[in-house]
Amino acid sequence: MGYFDSVYAADLPHRAVTVYMYLKNRAGKDRQCFPAIRTIAADLKLSKRTVERALCDLEQAGFLLREHRFRTKGGKSSNLYRLLDDP
């Protein structure tokens with residue numbers, strides 16, 4: 001079984017597969033990473049809105065959990081993305 005077989009078989013849009021591969025490539029051993037949406041969009045040459053849609057697709061399909069993070073003074077920070085095992 002290949003590295004991305006479950007994502008390919010999930011009938012996800014191309015944008016979601018691309019963003020999943022990006023996140024998986026950047027995740028550590030704990031399967032977590034926290035790049036900003038703007039960073040993902042710039043690296044993949046996609047719009048921020050397309051990345052947001054892809055993240056929603058991945059969440060709905062059960063491949064990703066998104067946790068909002070905040071700075072100590074209350075300002076919003078980048079999200080923490082946890083990649084899940086096959087849904």
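The values are calculated or read from the model by the stated rules, or taken from the named source; none is laboratory data. All values derive from a computational prediction rather than experimental measurement. Backbone-built Cβ (ideal geometry, glycine too); neighbour counts: all protein chains shown. Surface accessibility is based on the protein's heavy atoms, side chains included, excluding ligands, DNA and RNA. Shrake-Rupley method; radii C 1.70, N 1.55, O 1.52, S 1.80 Å.
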Query raised in the report: Tell me, what is the per residue accessible area of the chain in Å², probe radius 1.4 Å?
Result: 65 Å²
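Quick check on packing: order 65-78, 23-36, 46-59 by the mean number of other C-beta atoms within 10 Å, highest mean leading. It would help to have the intermediate numbers written out before the result.
Working: 65-78: 9.6, 23-36: 13.9, 46-59: 17.8.
Top of the packing list down: 46-59, 23-36, 65-78.
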Requested in this report: Would you compute the Debye intensity of the chain from its alpha-carbon atoms alone, equal scatterers and no solvent, and pass along log10 I(q)/I(0) at q = 0.12, 0.23, 0.26 Å⁻¹ to two decimals?
Outcome: -0.34, -1.19, -1.46
Report summary line: Note: probe point = Cα of residue 21 + 7 Å toward Cβ; backbone nitrogen < 15 Å; residues of the stretch 38-63 passing the test are 43-46
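For residue 80 and residue 52, calculate 0.36 nm times their separation in residues minus their Cα-Cα distance, and state this gained length in nm to one decimal. Could the numbers behind the result be given before it?
Details: separation 28, 0.36 × 28 = 10.08 nm, distance 1.38 nm.
Between residue 80 and residue 52, full extension yields 8.7 nm more.
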Query - Under 28 Å from the Cα of residue 45 - lysines, other chains or at least 8 residues apart - result: 24, 29, 76
Query raised in the report: Taking +1 at the Cβ of each Lys and Arg and -1 at the Cβ of each Asp and Glu, which of 12, 39, 62 sits farthest along the dipole of the chain towards its positive end, judged by Cα position relative to the Cα centre?
Result: 39
**Report entry** Cα-centre dipole for the chain with unit charges at Cβ (Lys and Arg positive, Asp and Glu negative), debye to 20
**Finding:** 680 debye
Query raised in the report: Full extension from residue 72 to residue 42: what is 0.36 nm times the residue separation minus their Cα-Cα distance, to one decimal in nm?
Result: 8.1 nm
